[in-house]
Every structure is written in structure tokens, then in C-alpha cells.
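The structure appears right after this line, and notes come after that.
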Amino acid sequence: MKLADIKNLIELPPKHRAARCLDLGEELHQMGQQPPAPGVLPAALRRPSVEASEAAPLMMQLHGVRAAMPAKMKGMQATGRSLKTMAGKVDDFVLTPLTRKKLASHSVQQRGPDKSLADLAVRQLALSMLDSDPVARCCGAYAYWRATGAEAALPILANAIDSSDAEERLIAAHCLAKMKSPYAKRLQGTAADDRPQTPPQQVRSSLTVIIHGTFAKDESWYKPGGDFHTYIKNEVYPDVYSGQDFYFWSGRYALTDAALKSIWKQAAAKLVSWAQAHPATTLRLIAHSHGNNVVNMATQLGLPACSLIQLSPPVRTWNLPVMGNVASNTLFNIHSTTDLVVKIDGGAQDYRGSPVASSEKIKIISAFGHSDSHDPSLWKKKNVPALVKTVCP
């Protein structure tokens, strides 16, 4: 851990700030930091230099943490949401960028010989919980919990799963799942969603199937009429399946490899059954996030495909696709340079070092963003159709 990295944290652009927070949180976790006393806000948030009228009562309940605060505060702004805490609903306030920068600088300047570098890093993560950027705020909250175990982060993330922004919503859901919070279950289906239930149809010459990822069963982008589905149908593969019995799975998440394997295997068996009921000479599979691990397991169960188009896959080396069941021997991996969701999840972003690497064709679609890989505008901008149509046109 470098002091310069901590000092510069506040200077970074939001997504870079978010990624660095996650790195710091993990480093501190490995060092075994002690959590703060229950009900005590971090020292960085108790500075008297944070002043403005009528904010003290809010700060006493802010983010579910009761703590004595100065009577005057400024440099705060509302996000337009309210948070549920044990004390009831409170407005969600964050520090303005300028105030956060001043407090961060103050922490660095006041660091004495009795204050370790780790203590300074925890203070910076505490400030990140009040970041004005929602994605950075979520990552900062999760990183603070990862570093200290303090539940001050929980209401911030629970609030974020109601966001209209898909990236913020998915990041929050993955963080909450890692924290073993029941809030994460709101975006998950049930085991019943993974049961085969499709009547057989006639053989098609070709068929493209879009498969969603974790926490995304109820999202619209992959369904008939959704923006990505419509784009693929109109401009890439007209044969994308658009029937009312489209494939979906529960999108459940788990913290252990064994539990994940069980979930993915059920969903994969449903996909195999679905494909058998919708037979096609040429089958293309477009999957997002952990939907790719469902697809990988489906190939292990014998599902034949012509090509795999993987969007932001959280790669698990113990769950590789059987490329012998992929006629083109080609796996397209379309992802951002830094995927915050995959970073939180703990997977890799590519198949480097595995037997699949020789079949993998990587396309970087953006600098950050888990959902960017199914953004029609980015598919157009990066000319992804020309790439994926090099096989199984």
C-alpha cells in the first residue's frame, strides 16, 4: 500500500476511484483491521470542519450509524433518496467533492507517528462512503465493510439496489451478497426458475439465444422488446429467439464454489432442455456475466453450439466451456478494461492461462462498466457485429 495512492484517491475520476477503493478494502482486509466500536462513525466523518445548519440530527442517523456530530455542518448535499435505518427513514446526504477533498487532505496532514498507513486508508474509505458519485459510493461502502466489518455500509448498498442505473444496481447487489445480506435476494429468482418447462418445436436452420446474468432475471434488456434484444434482432442476428417462452434462469448468487456450481448446473440443465425443445442446426449463445458460467456448464453437459459470445464474463478456471462442443472453436469475450462487478465477485475477466485461451477473441468495449457489453450504442461504436460474424454468420 503506497501513501501516494491514498493521498491521490480523492483526485481520481469516479470509476478509477471506485476501483482503487476496492483494492484498498481488500488490502486492509488481508491485514486484519479491527472494526470501529458499534455506533461510532469513523474519525474522518467527525471532523468539526464539516459544518452547516440542521445537519446534526441527520448525521446522527446517517447510513444507520448513531454518533455524536458537531452542531454545524456544511459541504453536504442530498442525493434525492432516503435510506432505511433502524431509526427509520433519513435523507441520504453525501459530502460535496470539495469538502471530501478537504477532509481527505486534513487526514493526510494530521497523520502523526501514532497513526499507521492502514488507519489513514480506513479514514479515506470512510469518506468514500459519502462520495457524490453513486458507483464510487457503493464501492467505497463495500470496501469500508471489507476493511473493518462495520455495518455502516449496509444501508448505502441496500438503497442502491433500487437505483434506476443498472451498473449501480448490480454492483450493490453483488456487494450485499458478499455481505450475506438478505437485501440481495430482492434481485434473485428462485430454484423454480431453473426448472425445464418448454414444449418442443420444429428444427430451425439457425437460432441465437440471449442469456442474462446474476440478479438480472427481471431486467428487460435481454427479453423480446428489450433494447439489446431489439438491436440484435434488427441489426445483427434476425434469428434471435423472440417467443414468449424465451430462456431465463433464476440469476441466483452464492458465496462458495460448490453452491455456485449447484445453481449453475440447474440453470445449465434447463438451457440444455430448452435448446432440445428449440432445435437448430446453428446455435449461437450470447450470455452476460454469470450467464456465461451457465453456458459453460451447459457445454459440459453436452450442449452443442456454433459460437459463444460472452459479455463481461466473471471467469472461473474450474468452470471452463468444452470447446469440443463449439463448432467454430471460437469464444468471443467482450468486456470493459476494468469491470467493477467482476472485481467484487472475485473472478477473472478473461481465460488467460487456461486451455480455452487459444479459442478466445477479446474485444474491449469500454474503460469501465459491467453492463456496457450489452449496450447497443457501444456495439455499434466498436463494430462488434463485424467481429462476431467472422464465424457462424
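The values are calculated or read from the model by the stated rules, or taken from the named source; none is laboratory data. In this text, all values refer to a predicted model and were calculated from it rather than measured experimentally. Cβ coordinates were reconstructed from backbone atoms using ideal geometry, including for glycine residues, and neighbour counts include every protein chain displayed.
Please enumerate the residues belonging to segment 245-266 that are farther than 24 Å from residue 179 by Cβ, of a type outside the set (D, E, K, R) and not in a loop (DSSP other than H, G, I, E, B).
If the condition is that a residue be farther than 24 Å from residue 179 by Cβ, of a type outside the set (D, E, K, R) and not in a loop (DSSP other than H, G, I, E, B), then 266 is the only one that fits.
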Q. For segment 181-211, what are the residues that are more than 19 Å from residue 239 (Cα to Cα) and among the hydrophobic types (A, V, I, L, M, F, W, C)?
A. 184, 187, 191, 192
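Quick check on my filter: what residues within segment 96-112 are part of a loop (DSSP other than H, G, I, E, B) and touching a strand residue (DSSP E or B) at 6+ places or on another chain (Cβ under 9 Å)?
The answer is 96, and nothing else.
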**Q.** Failed criterion for residue 320 (all others in (1) assigned to a helix (DSSP H, G or I); (2) crowded, with 17+ Cβ neighbours inside 10 Å hold)
**A.** (1)
Q: Would you check which residues across segment 268-317 are surrounded by fewer than 24 Cβ atoms within 10 Å (Cβ to Cβ), charged (D, E, K, R) and not in a helix (DSSP H, G or I) and list them?
A: 316
Q: Quickly run through segment 266-298 and pick out the residues that are within 27 Å of residue 337 (Cβ to Cβ), β-branched (Val, Ile, Thr) and out of contact with any His (no Cβ under 9 Å at 6 or more places or on another chain).
A: 294, 295
Q.
Criterion first (over 12 Å from the mean Cα position of the chain (by Cα), assigned by TED's automatic domain parsing to the domain that holds residue 96 and closer than 25 Å to residue 257 by Cβ) does residue 182 satisfy it?
A. yes
(Q) It is to be established whether one or more residues within segment 154-168 are under 22 Å from residue 5 (Cα atoms), in contact with a strand residue (DSSP E or B) (Cβ under 7 Å, 6 or more places away or on another chain) and not hydrophobic (A, V, I, L, M, F, W, C). (A) no
Q. For segment 329-336, does any single residue satisfy the condition of being outside any strand (DSSP E or B), buried (at least 16 other Cβ atoms within 10 Å of the Cβ) and not assigned by TED's automatic domain parsing to the domain that holds residue 14?
A. yes
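Could you please find all residues in segment 314-366 being among the basic types (Lys, Arg) and under 14 Å from residue 292 (Cβ atoms)?
316 - this is the single residue of segment 314-366 that is among the basic types (Lys, Arg) and under 14 Å from residue 292 (Cβ atoms).
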Q. Name the pairs whose Cβ atoms lie under 7 Å apart, with the first residue in segment 377-391 and more than 15 Å from residue 331 (Cα to Cα), the second not in a loop (DSSP other than H, G, I, E, B), and 6 or more positions between them or separate chains?
A. 378/365; 378/366; 378/372; 379/231; 379/385; 382/363; 382/365
Q. Conditions: (1) in contact with a Pro (Cβ under 8 Å, 6 or more places away or on another chain); (2) not in a loop (DSSP other than H, G, I, E, B). Residue 232 meets all but one. Number of the miss?
A. (1)
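Take the residues in segment 196-210 that are of a type outside the set (A, V, I, L, M) and at pLDDT 90 or above; name whichever of them is surrounded by the fewest Cβ atoms within 10 Å (Cβ to Cβ).
Once the filter is applied, the top-ranked residue is 205.
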Q.
Quick test of your reading of the structure: residue 239 fulfils all but one of (1) in contact (Cβ under 8 Å) with a residue 24 or more places away in the chain; (2) out of contact with any strand residue (DSSP E or B) (no Cβ under 9 Å at 6 or more places or on another chain). Name the failing condition by number.
A. (2)
Q. Do we find that residue 242 is surrounded by fewer than 17 Cβ atoms within 10 Å (Cβ to Cβ), touching a Pro at 6+ places or on another chain (Cβ under 7 Å) and not in a strand (DSSP E or B) in this structure?
A. yes
